[in-house]
Amino acid sequence: MLSARPKVTDLVFQLYGRVLHPELFEIHATRSIERGGYSASVSITSAGHVICWRKDGLVLSEVATAATAPLPQKRRLFSYRLCGERSDRMECRGGACYQMCFQLETVAPELFWTFQQELCTDGGRNGLLHRFEAGSRMALGAVSWINLETRSKSLHVQAFHTFPDDLAIVKSQTLFETP
């Protein structure tokens, strides 16, 4: 076993207009939020994260996961291979807005391990942090850290997921806004 994570080249970033059932994912940490008329649940999974945001009957579910994950096709709004950089925006009914951007970066070993150590040190103080067990080849396992900034009309989510076997870092930012 290399690590708890899939290969970074096998990842996708998807948005759904529906709830995705938790049993579809191996969830390691979760936080729930209710503020300003919206609610959200944010979870760290074995491959990345799942965010489910709700407001007045509107449901948006963002997922960063393995392309082989058995996810439904129904009400999938978009799907991107997680490579390079990408951003997108969607206007939703009722004036709500969804914006996202992600970046996959492969870095030198010393930069990777320094970044991962900083996530472990600083991420434990605030946000949602999970350290995965090390694989047989690596001294340290992968790390996921999610920072949440809530406002009465918006939720800003920053996520960092490390992939030691690939010396890769997935960074994403998502903004859910209400009118």
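Give the residues of region 9-27 that are crowded, with 17+ Cβ neighbours inside 10 Å and under 19 Å from residue 129 (Cα atoms), sorted by residue number.
Answer for region 9-27, where residues must be crowded, with 17+ Cβ neighbours inside 10 Å and under 19 Å from residue 129 (Cα atoms): just 25.
Yes or no: region 127-140 includes at least one residue that is over 23 Å from residue 107 (Cβ atoms) and without any contact (Cβ under 8 Å) to a residue 24 or more places away in the chain.
No - not one qualifying residue is present in region 127-140.
Do we find a residue being farther than 24 Å from residue 40 by Cβ and at pLDDT below 90 anywhere in region 121-129?
Yes, because at least one residue in region 121-129 is farther than 24 Å from residue 40 by Cβ and at pLDDT below 90.
Mind checking which residues of region 28-75 are in a strand (DSSP E or B), among the acidic types (Asp, Glu) and loosely packed, with under 13 Cβ neighbours inside 10 Å?
Within region 28-75, 34 is the sole residue that qualifies.
Looking only at residues that are of a type in the set (Lys, Arg) and farther than 28 Å from residue 35 by Cα in region 76-87, which one is surrounded by the fewest Cβ atoms within 10 Å (Cβ to Cβ)?
Ranking the qualifying residues of region 76-87, first place goes to 81.
With the structure loaded, tell me whether residue 67 is in contact with a helix residue (DSSP H, G or I) (Cβ under 6 Å, 6 or more places away or on another chain) and touching a residue at least 24 places away in the same chain (Cβ under 8 Å) or whether it fails that test.
When the stated conditions are applied, residue 67 passes them.
Give the residues of region 77-98 that are charged (D, E, K, R) and either free of Cβ contacts under 8 Å to residues at least 12 places away in the same chain or closer than 25 Å to residue 179 by Cβ (or both), sorted by residue number.
The answer is 88, 89, 91, 93.
Could you tell me whether residue 96 is in contact with a Gly (Cβ under 9 Å, 6 or more places away or on another chain) and surrounded by 15 or more Cβ atoms within 10 Å (Cβ to Cβ)?
In short, no.
Tell me the residue from 112, 102, 78 that is aromatic (Phe, Trp, Tyr) and not in a strand (DSSP E or B), please.
Just one listed residue meets the conditions, 112.
Looking at (1) in contact (Cβ under 8 Å) with a residue 40 or more places away in the chain; (2) of a type in the set (A, V, I, L, M, F, W, C); (3) not in a strand (DSSP E or B), can you tell me which one residue 176 breaks?
It fails just one condition, (3).
The values are calculated or read from the model by the stated rules, or taken from the named source; none is laboratory data. This is a predicted model, so every value here is computed, not measured. Please note: Cβ atoms are built from the backbone with ideal geometry, for glycine as well, and neighbour counts cover all protein chains shown.
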